[in-house]
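J.: There's a structure below that I have some questions on.
The values are calculated or read from the model by the stated rules, or taken from the named source; none is laboratory data. As the structure is a prediction and not an experimental result, all values here were calculated from the model. Here the Cβ positions follow ideal geometry from the backbone for every residue, glycine too, while neighbour counts run over all protein chains shown. Accessible surface is based on the protein model in full, side chains and every heavy atom, while ligands, DNA and RNA are left aside. Shrake-Rupley method; radii C 1.70, N 1.55, O 1.52, S 1.80 Å.
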Amino acid sequence: MKSAAGNRRSFLARSFPMIALLAIGVMGTFGALVALGAIELPWMKKPVPINRAGQVAVPVSSGVIPAYTQIVREHFFDLQKQEPTVVWLRQEQLKPEMLVDISKIVGRVLRKEKGKGYAFTENDFLPEKTRPGLVAGIPPGMRALAIDADKVRGIHALRAGDHFDLLATATVDDGKALSKAIVVGGGAGGKRAVVRPLVQNGVVVLAAALWKPPTDDKDKKGAARGKEPSPEIVIAAKPDEVVALSQALAMKDDLIAIARSGRPDDPGDSSITPGSPPPPPKKAMEAILGGQRKTLVFPNPLDGPLTLQGPRGEEPPSDPPIGLKGSEAK
């Protein structure tokens, strides 16, 4: 008598030819349907050729390109797809300023930052033979200076290429300056603000927002103590203005940045920001009063009614001025 295991093996042996024939039939039917196009497999699809007749390939940037960068082929090439980054446009869509010749793009230096996916135009570039890097942003005849942005009010918001004026303000105490003089006339003392222009039509070369703090060990320790380094901004100015600005920074004057118009019809250098008007003219003479040498200061008559005052507002000496020495001086 056969066992149960032997019966199962005998059944499988008899059924195998039928199962094999059924599988072959299913596969044959499936293959026929695929061959006739009734069933489409994703990996078997053939790419449909695109008709580019009448279209022009326009190179576009493959990523964000910083200002003052010299363009190379990698700037309009997709490394992942291993193909150039271009957009196809019909002739009627092509703008006259778009550059389609790669030879007119490679080697040029960007005037400003270029976003991803934008076509190149001649206006994007600085003149030919411009050196790449920070020096590319310095206009001819000007000098660049890196300053602490926190020391100039209103300069943080400016971006690369923006034009501005720079003013220095200071307080002058005429009372202290004349503390040892006898003033004839009222209103000659007191404090007044003096504003003088340091930079006219300067240019931002590198904005404070793009500044990155140093990463050396010394600065890392300072940052760990909560002393973050101040942001720097690089500006360009005329040579004599760079000297005046350096002096103002050394004197710790209060500096203010005044932004200029960004419109193309701005008058530029022909428009200047004036400083404070000159103080009213004063005349002074040396005199001997009460046996002491004093200075008589005569302010502008418009400052007030003429009176005779002592050095600090006290009553003037009773002896009349005698022995006037020297001559009038402005």
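J.: Are there any pairs with C-beta distances below 7 angstrom linking a residue in region 144-164 that is of a type in the set (Val, Ile, Thr) to a residue that is open to solvent by 40 Å² or more (accessible area, probe 1.4 Å), with the two at least 6 apart or on different chains, and if so which?
T.: What qualifies is ILE147/GLU232; ILE147/LEU249.
J.: Residues of region 102-123 being touching a strand residue (DSSP E or B) at 6+ places or on another chain (Cβ under 7 Å) and open to solvent by less than 50 Å² (accessible area, probe 1.4 Å), which ones?
T.: ILE105, GLY107, ARG108, VAL109, LEU110, LYS114, GLY117, ALA119, PHE120, THR121
J.: Another one. Please pick out the residue among ALA259, ALA224 that is of a type in the set (Gly, Ala, Ser), over 15 Å from the mean Cα position of the chain (by Cα) and either at pLDDT 90 or above or open to solvent by 30 Å² or more (accessible area, probe 1.4 Å) (or both).
T.: None of the others qualify; the one that does is ALA224.
J.: Give just the number: which of (1) open to solvent by 40 Å² or more (accessible area, probe 1.4 Å); (2) modelled with pLDDT of 90 or more; (3) farther than 30 Å from THR69 by Cα does ALA248 not satisfy?
T.: Of the numbered conditions (1) open to solvent by 40 Å² or more (accessible area, probe 1.4 Å); (2) modelled with pLDDT of 90 or more; (3) farther than 30 Å from THR69 by Cα, the odd one out for ALA248 is (1).
J.: Right, here's the next one. Counting only residues that are modelled with pLDDT under 95 and in a strand (DSSP E or B), which one in region 70-83 is surrounded by the most Cβ atoms within 10 Å (Cβ to Cβ)?
T.: Applying the filter and picking the extreme gives PHE77.
J.: Take ALA67 and tell me if it is over 30 Å from the mean Cα position of the chain (by Cα), of a type in the set (Gly, Ala, Ser) and at pLDDT 90 or above.
T.: So ALA67 fails the test.
J.: Got a number for residues in region 54-67 being open to solvent by 30 Å² or more (accessible area, probe 1.4 Å) and among the hydroxyl-bearing types (Ser, Thr, Tyr)?
T.: Looking only at that region, the number is 1.
J.: Next question. Would you mind finding the one in ARG159, ARG143 that is at negative phi, open to solvent by 60 Å² or more (accessible area, probe 1.4 Å) and touching a Pro at 6+ places or on another chain (Cβ under 7 Å)?
T.: The unique qualifying residue is ARG143.
J.: Would you call GLY154 at pLDDT below 95 and either basic (Lys, Arg) or open to solvent by 30 Å² or more (accessible area, probe 1.4 Å) (or both)?
T.: Judged against the criteria, GLY154 is a match.
J.: Another question, then. Counting only residues that are part of a loop (DSSP other than H, G, I, E, B) and open to solvent by less than 100 Å² (accessible area, probe 1.4 Å), which one in region 84-101 is nearest to GLY161 (Cα to Cα)?
T.: Among them, the one singled out is GLU97.
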